[in-house]
Amino acid sequence: VQVSESGGGLVQAGGSLRLSCTTSGLAFSRYAMAWYRVAPGKEREFVCRISAGHLTDYADSSLGRFTISRDNTKNTVYLQMNNLKPGDTAVYFCKVAQYYVDLSSPLGPGYWGQGTQVTVSS
């Protein structure tokens, strides 16, 4: 199984970015997906998740600004991030798991990508 994120970069506060996470080696449509992030000096933090049936869940810090979606024809999940803040600066990781419930914690079983850096300048 391979998991690969892309789309990170440098953006000014108030700007937008769209991250992508593409997988291979599994039946993508049957798996749940999540985004986590690791900010400098902090632990891995849940951002949002989406089930195989498109059920979504967001951390309070993401709600109203971030949107997770998936395209099963492309084996890809997206994270649209709007109104970015300097506090969103982090490495963003994609996680794939067979069960939606396993994505609520970084300790649950699943596959991780290598991460993509998002930097928001003030």
Query raised in the report: Tyr100 accessible area, nearest 10 Å², 1.4 Å probe?
Result: 50 Å²
Query raised in the report: Out of Leu26, Leu107, Leu17, any idea which swings most in a Gaussian network model of the chain, alpha carbons joined below 10 Å?
Result: Leu107
Report summary line: Contact order relative to length for the chain, counting C-alpha pairs under 8 Å separated by 6 or more residues, stands in percent at 36 percent
Report task. Using only Cα atoms, locate the centre of the stretch 1-74 and the centre of the stretch 80-122, then give the distance between them in Å, rounded to an integer. Result -> 5 Å
Report task. Could you name the lysines whose alpha carbon sits less than 23 Å from that of Lys74, not counting residues in the same chain fewer than 8 places away? Result -> Lys95
Query - Cα-based reach from Lys85 at 21 Å (exclusive), listing lysines while leaving out same-chain residues under 8 positions away - result: Lys42
Requested in this report: Using a 1.4 angstrom probe, figure out how much accessible area the chain has per residue, in square angstrom, rounded to the nearest whole.
Outcome: 50 Å²
Query raised in the report: For the chain, can you list the cysteines whose C-beta has no other cysteine C-beta under 4.7 Å from it?
Result: Cys48
**Report entry** Orientation-averaged projected area, Cα convex hull of the chain (nm²)
**Finding:** 6.6 nm²
Requested in this report: Quote the accessible area belonging to Arg65 in square angstrom, nearest 10, computed with a 1.4 Å probe and with ligands, DNA and RNA left uncounted.
Outcome: 30 Å²
Query raised in the report: About its Cα centre, what dipole magnitude does the chain give when the only charges are +1 on Lys and Arg Cβ and -1 on Asp and Glu Cβ, stated in debye to the nearest 20?
Result: 140 debye
Query - Relative contact order computed over the stretch 60-122 (Cα-Cα under 8 Å; 6+ residues apart), in percent - result: 30 percent
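The values are calculated or read from the model by the stated rules, or taken from the named source; none is laboratory data. Only a predicted model underlies this, so the values are computations on that prediction, with no experimental measurement involved. Methodologically, a virtual Cβ is constructed for each residue, glycine included, from the backbone with ideal geometry; neighbour enumeration extends over all protein chains shown. To get the accessible areas, we keep the full protein, side chains included, count just its heavy atoms, and leave off ligands, DNA and RNA. Shrake-Rupley method; radii C 1.70, N 1.55, O 1.52, S 1.80 Å.
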